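Notes follow the structure.
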Amino acid sequence: MSVSRDNKKIRVLIVDDIQETRDNLKKLLYFEDDIEIIGTASNGREGVEQATALRPDIVLMDINMPGMDGIQASELISQQDPNIQVVMMSVQGEADYLRRSMLAGAREFLIKPFSSEELANSLRRVYQLALTRRVAMPAPAPLAPPPDAEYIQYIPRKPQVGKIIALYSPKGGVGVSTLAVNLALALQSETRARVAIVDANLQFGDVGVLLNLPTSRTIADVIEAKGDPDEVLMNGILVTHSSGVKILVAPPQPEMAELVTPDHLRAILELLQKMFDYIVVDTGKALNDPLLTVFDLAEQIVLVATGEMSALKDAKLFFEVTQKLEYPPAKTMLILNRHDKSNLNARDLEAIIKHPITGLVPRDDKATALALTRGIPVVLTQRGIPFSQALFSMARMLKREPIPAEASSSNAKNAAAAALPTKTAKPKKRFALFGRS
Ligand SMILES: Nc1ncnc2c1ncn2[C@@H]1O[C@H](COP(=O)(O)OP(=O)(O)OP(=O)(O)O)[C@@H](O)[C@H]1O
Ligand SMILES: [Mg+2]
């Protein structure tokens, strides 16, 4: 049992056409003291009516129902009251269902059967996210001042360049690509900002596969176009995922990797920095010149390792490289992936590697394998599970602080300074990811 952040019970309406499922859902939530079922409905139309009358915090909605289905009902509920959250349930996890649910306003997608823990955790997560959204609602804008000469002295805000976050491991197969795509999606969900993924694993990139993107447009097309790339060209080559995240896919054949020079990569990344707020770069393990260009431009390098000795040894060597490159220590953060009880605890691992570990991502073979088969990353389908929670925490840690309001009103110099990325800034906090062991 856990209590929601504002100490109120989470009020849930269940909409499912099968009586037995409704009863089972009630049983699953019976022992959760912080969750209250305030009503049930047996079809979409009834669900919309009940939602309007009862104003629940969350509607737990089945997709397939006779008459008005869950997607239509969610659309209507989200339109009527955006503060009511919808968690969609289905026995099928197809990409199209997921996409349509998300477009209809659903916050989370649960695939039946699920455990009471999975269900309760995802209800709590959706509820708490909604609370922060409510709090974050901007106050109504003050009326515009009259067009008086005194007021025309407004301060132009320096355009903020996109933050490049490069994920890397000197050892292959530790989960760099998995974390990169999940992090990008979590960042987009947390910030609603413009997010791009660059697959800079130029020989063996697989971001396109992880996101199930059938495409013939890749980074090789940017190079072939000759000259410095511009936004029009880039927009024609980027592939849009159903989440809205844009992807620059790796070349189709390994030998084409050689075509991409460090200068190309620099031009591409600098252009993307103008077009996006966050650019998440997946990388391969070869420590070559193109990769060093990515690292130079990155505001944050996320070094991924696992608890295995060989991965830790390689990570340790990498820190020696970053020292030689004279990167500030805070530029590289160490994340341990696939963490489970068989690993030494974080403190002992830190002693071995002689470097702080910023966060742990738990091992979840089932969720990651399913995500691979479906081509839908875990954070999109199972937001409440520890793996996803770790990724959302990582996204919150890596997101930019909003520019303080006073910076825009004091003077132009301050405003510009606040807008610039602080390359040497310390990480906001340590161990904020999934709990240490
Ligand atoms: N937290 C996790 N728990 C369990 N399995 C995971 C986790 N993270 C990644 N994996 C699995 O580990 C395998 C390797 O992942 P991934 O391809 O992301 O690694 P990589 O470091 O990018 O590898 P490569 O060196 O081939 O680019 C995949 O099967 C993936 O599903
Ligand atoms: Mg990879």
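Is it the case that region 317-325 has a residue that's open to solvent by less than 10 Å² (accessible area, probe 1.4 Å), in a loop (DSSP other than H, G, I, E, B) and either within 20 Å of V302 (Cβ to Cβ) or modelled with pLDDT of 90 or more (or both)? No, the conditions are met nowhere in region 317-325.
Listed residues L119, L167; which is modelled with pLDDT of 85 or more and either within 16 Å of ligand 1 (Cβ to nearest atom) or aromatic (F, W, Y) (or both)? If you could, list the steps in order and put the result at the bottom.
Values: L119 fails: either within 16 Å of ligand 1 (Cβ to nearest atom) or aromatic (F, W, Y) (or both).
Being modelled with pLDDT of 85 or more and either within 16 Å of ligand 1 (Cβ to nearest atom) or aromatic (F, W, Y) (or both) holds for just one of L119, L167, which is L167.
Within the set E118, E108, the sole residue that is closer than 25 Å to T368 by Cβ, touching a residue at least 40 places away in the same chain (Cβ under 8 Å) and open to solvent by less than 10 Å² (accessible area, probe 1.4 Å) turns out to be E108. Within region 292-307, the residues that satisfy the criterion of being open to solvent by less than 10 Å² (accessible area, probe 1.4 Å) and within 13 Å of ligand 1 (Cβ to nearest atom) are V302, L303, V304, A305, T306. Set side by side, the residues T191, T215 differ, and just one is under 28 Å from H339 (Cβ atoms), of a type in the set (V, I, T), modelled with pLDDT under 95 and away from ligand 2 (no atom under 13 Å from the Cβ), which is T191. Among the residues of region 255-274, is there at least one that is of a type outside the set (V, I, T), closer than 30 Å to L98 by Cα and within 24 Å of the chain's Cα centre (by Cα)? Yes, some residue in region 255-274 is of a type outside the set (V, I, T), closer than 30 Å to L98 by Cα and within 24 Å of the chain's Cα centre (by Cα). The number of residues in region 275-329 being acidic (D, E) and more than 21 Å from the chain's Cα centre (by Cα) comes to 6.
Limited to region 342-362, what total is found for residues that are in a loop (DSSP other than H, G, I, E, B), open to solvent by 10 Å² or more (accessible area, probe 1.4 Å), modelled with pLDDT of 85 or more and within 16 Å of ligand 1 (Cβ to nearest atom)? Number of matching residues: 1. For G227, the conditions (1) more than 12 Å from D199 (Cβ to Cβ); (2) open to solvent by 80 Å² or more (accessible area, probe 1.4 Å) are fulfilled apart from (2).
If you check A196 against the conditions, is it within 16 Å of ligand 2 (Cβ to nearest atom), open to solvent by less than 20 Å² (accessible area, probe 1.4 Å), at pLDDT 95 or above and under 30 Å from S388 (Cα atoms)? Talk me through it step by step, then tell me what you get.
Values: within 16 Å of ligand 2 (Cβ to nearest atom): no; open to solvent by less than 20 Å² (accessible area, probe 1.4 Å): yes; at pLDDT 95 or above: yes; under 30 Å from S388 (Cα atoms): yes.
The answer is no for A196.
As a summary of the residue check, M68 satisfies the conditions (1) under 20 Å from G384 (Cα atoms); (2) at pLDDT 85 or above; (3) out of contact with any strand residue (DSSP E or B) (no Cβ under 7 Å at 6 or more places or on another chain) except for the one numbered (1). Within region 288-317, the residues that satisfy the criterion of being of a type in the set (A, V, I, L, M, F, W, C) and more than 15 Å from ligand 2 (Cβ to nearest atom) are L292, F295, L297, A298, I301, M309, L312, A315, L317.
Of all residues in region 250-285, those being surrounded by fewer than 15 Cβ atoms within 10 Å (Cβ to Cβ) and hydrophobic (A, V, I, L, M, F, W, C) number 1. Within region 355-366, residues that are farther than 13 Å from S388 by Cβ and assigned by TED's automatic domain parsing to the domain that holds K331 have Cβ atoms under 9 Å from residues that are charged (D, E, K, R) and within 16 Å of ligand 2 (Cβ to nearest atom) in these pairs: R363/R338; D365/R338, counting only partners at least 6 apart in sequence or on another chain.
The values are calculated or read from the model by the stated rules, or taken from the named source; none is laboratory data. Since the model is a prediction, treat every value here as computed from it, not as a measurement. Backbone-built Cβ (ideal geometry, glycine too); neighbour counts: all protein chains shown. These accessible areas exclude ligands, DNA and RNA; they are computed on the full protein's heavy atoms, side chains included. Shrake-Rupley method; radii C 1.70, N 1.55, O 1.52, S 1.80 Å.
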